[in-house]
Structure formats: C-alpha cells, structure tokens
Amino acid sequence: MAATSKSAGTPMKKAAPVLGGGGEPCTLCSKRVYPAERTATASGRVYHKACFMCTKCTRRLTPAQCCEDG
C-alpha cells in the first residue's frame, strides 16, 4: 500500500536517502573508496587501505613500499 497525504489523498513522494558523496572505485575490490580510507599509487590507482597489499605475501603496504610493474 502506498503512503498518501492526509489532506489531499494524493500519493506522497519518498524522500531521497541522505548519504555522503561517492568515492572512487577501488582497483582491487571495485567498491567505493572514501577519503578516510584512501591510498593511491604514483600511477593514480586508488585502493582501500585494507586492499593495498603485497600480491606475494599479502602484507599490507604503504605507497612508499609499493613498486608497480608494467
């Protein structure tokens, strides 16, 4: 059943959700990366801090520890 206005009996519009703005997509998981959790490489790739890790040992990295090939 749709919500209606008491005075006119007309359907009421749903309010838009009030959420923060979107971030860029993470290179690894493709989910949104917000400024507080953002890590970027020199080539401009964006990651969550938790997603930015070594592909061989899975240790978390900082941009200073990163070396990109290719």
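The values are calculated or read from the model by the stated rules, or taken from the named source; none is laboratory data. If you're wondering where the values come from, they're calculated on a predicted model, not measured in any experiment. FYI the Cβ positions are ideal-geometry reconstructions off the backbone, even for glycines, and counts take in every protein chain you see. When the accessible area is computed, the model is the full protein with side chains, heavy atoms only, and any ligands, DNA or RNA have been set aside. Shrake-Rupley method; radii C 1.70, N 1.55, O 1.52, S 1.80 Å.
Miscellaneous remarks
- In region 55-66, the residues that are under 13 Å from Thr41 (Cβ atoms) reach residues that are of a type in the set (Ser, Thr, Tyr) and surrounded by 10 or more Cβ atoms within 10 Å (Cβ to Cβ) with C-beta atoms within less than 8 angstrom, at least six apart or across chains, in these pairs: Thr62/Thr39; Pro63/Thr39; Pro63/Thr41; Cys66/Thr41.
- Within region 27-51, residues that are touching a residue at least 12 places away in the same chain (Cβ under 8 Å) sit with their Cβ atoms under 6 Å from residues that are of a type in the set (Lys, Arg) and open to solvent by 100 Å² or more (accessible area, probe 1.4 Å), at 6+ positions apart or across chains, in these pairs: Thr27/Arg45; Glu37/Lys49; Thr39/Lys49.
- Candidates in region 31-49 are the residues that are more than 16 Å from Arg60 (Cβ to Cβ) and either among the hydroxyl-bearing types (Ser, Thr, Tyr) or part of a loop (DSSP other than H, G, I, E, B) (or both); of these, the one that is most open to solvent (accessible area, probe 1.4 Å) is Lys31.
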